[in-house]
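The structure appears right after this line, and notes come after that.
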Amino acid sequence: MKKYILKSLLVLFVANISFAQTTATDFITDDCNGVSHDLFDELENGNVVVIAWVMPCVPCATYSLPAYSAVQSFSSSHPGQVHFYMADDYANTACATLMNWGNNYNMPNSTFFSSSAVNMNGYGTAGMPKVVVLGGLDHHIYFNENDNKINFSDVQIAIDSALNNFIASNIELESAFKLNI
């Protein structure tokens with residue numbers, strides 16, 4: 001009986017990994033300043049987008065801040081290319097409240113969203129905070145974690161991977177284009 005249960009759990013685990021989402025969920029919506037954002041356009045233009053969903057609450061700041069800091073660590077080496085989006089978890093917090101909360105917790109260089117279009121349901125397990133790192137022509141998910149699994153080095157590695165894979169993808173496209181000519 002124990003072998004049957006273990007085998008069943010193993011099969012479920014492998015199936016879960018096999019079918020885990022690896023592609024971002026697109027959205028087109030306005031941020032809290034009224035600026036329109038198209039996620040897939042951002043990614044296809046070589047940008048990396050880090051989204052942190054928050055309530056806002058104190059633990060949300062504790063675990064979102066390392067992701068924010070990882071984004072900021074690329075501000076000199078990749079200016080304007082790595083973006084931190086802070087989204088209200090269920091779009092039921094006023095923009096002013098969300099922005100004040102982010103600024104109070106030292107995350108002022110965020111793009112704030114309180115829009116149901118920026119939805120965490122496309123990224124597996126909901127929970128506050130939730131952080132994803134998205135990038136590339138294929139809209140790949142490089143990082144997708146909740147709570148205490150969010151840390152500076154893992155987010156930084158994911159951002160670096162997204163940036164490097166975009167460059168590699170562009171080189172491959174350029175080579176294929178030259179071959180066709």
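Considering only DSSP beta bridges whose two residues both sit in segment 72-173, what percent are antiparallel, to the nearest 5? List each step's numbers first, then the result.
Details: 6 of 9 bridges.
Of the beta bridges lying entirely in segment 72-173, close to 65 percent run antiparallel.
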Summed side-chain charge close to Tyr142 - residues other than Tyr142 whose Cβ falls under 13 Å, Lys, Arg +1, Asp, Glu -1: -4
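Express the accessible area of segment 92-160 per residue in Å², computed with a 1.4 Å probe while the remaining protein chains stay in the model. Provide the component values of the computation, followed by the final result.
On the way: 3070 Å² over 69 residues.
Counting only protein heavy atoms, the per-residue value for segment 92-160 is 45 Å².
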Environment charge at Cys95 (Cβ cut-off 13 Å; Lys +1, Arg +1, Asp -1, Glu -1): -3
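The values are calculated or read from the model by the stated rules, or taken from the named source; none is laboratory data. The structure displayed is predicted, hence computed values, not measured ones. All Cβ positions, even for glycine, are placed from backbone atoms using ideal geometry, and neighbour counts span all protein chains on display. Ligands, DNA and RNA are excluded from the accessible area calculation, which covers all protein heavy atoms including side chains. Shrake-Rupley method; radii C 1.70, N 1.55, O 1.52, S 1.80 Å.
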